[in-house]
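Some notes on the structure that comes next.
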């Protein structure tokens, strides 16, 4: 009797080991680290999380000390503003030796680019990040578990990156984006939005378009408000074809959602065009604190925005129409570029 009990115990222990091994090999959640990603970027990735079998961990190196990373099957870093100290680089290299896959998105220096992906893995992960959006980030997390962690359970088949053009017209529908004006115009008229007698307004943005759908609230609200007021609205996302798109619309007004320069290398040509056509330009700033608090600050927010977001082009366009001494004094230091 005693021997039977011992055999049962041994069999139970062995079964637990086998089940534990099977769980670890086929079921255990896949851990993925995201380092140096901004709040809005990580929020978008979180919303794309497919299920409980993908575990995400974010590290902001400005606030958190980098831990050991060897437990993560995939480590993704945002390269802009990333300055890794030698000890931080060492921890990433240790994780690589243990089998972790590392990709630095938008790397700005060779010292911080510790990417160890190659071939089709690099092409896939690069494509998911470059095009972003919920569909691509879901594919990113699925790929990380299915390929890098080699777990097929609770995953889907690998999908190619969903390509979103770098420059496009877009609308409220998250799938409504068009690389040329004629396609957008067809969509706009077919849906019944277009009014031939109404004014045309361009909304120009870089970081609040289809590639960042979870941070589009301000732009969508602006589209709805302007259309409700009886205007035709042409939202434009991207950098390099802005001038071309604006000219194709021949707008009565341009509203810029400022982030970086408005048009790289074509500033003078744009100024000449806007002056010739007498097209006013407005800037719609995103505020991350209550309006009352923001408006009480005489210059700090406005000057910072003008210098770092709007650039000398917009300052020069706005200067002739400034209506108050307060506004002029905020812009004056930067009117000469």
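Read-outs: derived from the displayed coordinates by stated rules, not from any lab. Since we're looking at a predicted model, the values are computed, not measured. When we count neighbours, we look across all protein chains shown, and the Cβ atoms used for this are built from the backbone with ideal geometry, even at glycine.
General remarks:
- With 0.36 nm allotted per residue and the present C-alpha distance subtracted, the residue 62-residue 108 stretch has 14.8 nm of extension available.
- You can think of it this way: the chain between residue 153 and residue 195 has 10.0 nm of extra reach, that is 0.36 nm per residue less the Cα-Cα gap.
- Looking at region 202-294, the pairs of alpha carbons with a distance over 18 Å make up 46% of the total.
- Fewest-first ranking of 199, 144, using other Cβ atoms within 10 Å as the exposure measure: 199, 144
- Ranking of 54, 147 by count of other Cβ atoms within 10 Å, fewest first: 147, 54
- Region 67-157 shape via C-alpha gyration tensor axes, a/c threshold 1.5: oblate
- Shape call, region 210-258: gyration tensor on alpha carbons, a/c limit 1.5: oblate
- Cα gyration tensor category, rounded, prolate or oblate, for region 118-177 with a/c compared to 1.5: oblate
- Going by neighbour counts of Cβ atoms within 10 Å, the residues 257, 52, 282, 66 line up, fewest first, as 52, 282, 66, 257.
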